[in-house]
Each structure stands twice: as structure tokens, then as C-alpha cells.
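All remarks here apply to the structure that follows.
The values are calculated or read from the model by the stated rules, or taken from the named source; none is laboratory data. All figures in this text were calculated on a predicted structure; none of them were measured in a lab. We place every Cβ from the backbone using ideal geometry, glycine too, and count neighbours over all the protein chains shown.
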Ligand SMILES: [Zn+2]
């Protein structure tokens, strides 16, 4: 089991790692890397509660002082129990796919068939996710980490 230098993992998190080294990390099924990443995030975030998982960019599962496991943005805003879909607590904007900002002309979807659903953090207004989905489609729940 390889144990990568913290500098390498830090560069990965900061998107500074060269692609050939990213490929090396991706192809190496190093089970210890998860703990390294969590330790680095724990230091970066400065939270006293343990970071249990990284959901995606900006979102983490944290165990609070009361023992609850919640999804939390790096700004501190919480989205409730980690097993629930955090998107239910986010600010949502349903963008017309033909508004000309994302897709233009023939590249834009028919708004009667598709919307671009954007999810923003209510604490810091960071764009957290975008779903191009059929109109009326429920929020996609990407995954529930096994903790
Ligand atoms: Zn936030």
C-alpha cells in the first residue's frame, strides 16, 4: 500500500498535480489515500468536528458534537443528515437552456423537454452542482457514502 507525500495530495486537491501523476493516483487502488485526503481537509477546514467523508467539491460529511452526521459546505452551512439529498436544502435555480448563457442556438435543448437545474449553497452562494434534466425530473441524489 503506497503512502503518497502530503505535497502530492495537496497538489491534487489544489488542481496543480500534473496529469501523469493524476493518472498514477487514479490507477493505484491505495486504500490509505482516503485517510490522507481526509486529514488534509481536516487541517484546511480547521473544524473541531471530524470530517468523515468528502461528498464532492465544497461538501463534506462531518460528525457534530451531538453525534449527528451532517453534510456541510466548506463555508459552514449545513444541509442536514448526510443520508438525505443535500440538494433539498440548497438554493435552486432552474435555468432555461436557451437563455444564451450556457448553450447557444442549435446546441441549446428544447426548454419544454429539458432544464438546467443549478444548486447553490445558501451560506456562501457557491454553485455546487448542475443537472441537465427533463422538466419535472426529481433531484438526482448522487450517492450516500458508506460510513
Ligand atoms: Zn457554502
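Pick from segment 53-81 the residues that are more than 16 Å from the ligand (Cβ to nearest atom) and crowded, with 17+ Cβ neighbours inside 10 Å: which of them is nearest to residue 5 (Cα to Cα)?
53
Return the residues of segment 14-42 that are surrounded by 12 or more Cβ atoms within 10 Å (Cβ to Cβ) and at pLDDT 85 or above; say none if nothing qualifies.
Matches in segment 14-42: 17, 21, 22, 36, 37, 38, 39, 40, 41, 42.
Residue-wise test of (1) free of Cβ contacts under 8 Å to residues at least 40 places away in the same chain; (2) within 18 Å of the chain's Cα centre (by Cα); (3) in a loop (DSSP other than H, G, I, E, B).
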| site | (1), (2), (3) |
| --- | --- |
| 8 | yes, no, no |
| 16 | yes, no, yes |
| 22 | yes, no, no |
| 25 | yes, no, no |
| 34 | yes, yes, no |
| 38 | yes, yes, no |
| 41 | yes, yes, no |
| 52 | no, yes, no |
| 55 | no, yes, no |
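Do we find that residue 94 is more than 16 Å from the ligand (Cβ to nearest atom) and without any contact (Cβ under 8 Å) to a residue 12 or more places away in the chain in this structure?
No: the conditions fail for residue 94.
Conditions tested, residue by residue: (1) within 16 Å of the ligand (Cβ to nearest atom); (2) under 27 Å from residue 79 (Cα atoms); (3) in contact (Cβ under 8 Å) with a residue 24 or more places away in the chain; (4) assigned to a loop (DSSP other than H, G, I, E, B).
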{"position": "99", "(1), (2), (3), (4)": "no, no, no, yes"}
{"position": "116", "(1), (2), (3), (4)": "no, yes, no, no"}
{"position": "123", "(1), (2), (3), (4)": "yes, yes, yes, yes"}
{"position": "128", "(1), (2), (3), (4)": "yes, yes, yes, no"}
{"position": "131", "(1), (2), (3), (4)": "no, yes, no, no"}
{"position": "138", "(1), (2), (3), (4)": "no, yes, no, yes"}
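Output the residues belonging to segment 104-114 that are assigned to a loop (DSSP other than H, G, I, E, B) and in contact (Cβ under 8 Å) with a residue 12 or more places away in the chain.
109, 110, 111, 112, 113
Name the pairs: first residue in segment 62-85 and closer than 12 Å to residue 51 by Cβ, second residue modelled with pLDDT under 95 and more than 16 Å from the ligand (Cβ to nearest atom), Cβ to Cβ under 8 Å, at least 6 apart or on different chains?
Taking only residues 6 or more apart or on different chains, the pairs are 69/147; 82/144; 82/145; 82/147.
In segment 82-91, what residues are in contact with a strand residue (DSSP E or B) (Cβ under 6 Å, 6 or more places away or on another chain), away from the ligand (no atom under 11 Å from the Cβ) and not in a helix (DSSP H, G or I)?
Answer for segment 82-91, where residues must be in contact with a strand residue (DSSP E or B) (Cβ under 6 Å, 6 or more places away or on another chain), away from the ligand (no atom under 11 Å from the Cβ) and not in a helix (DSSP H, G or I): just 82.
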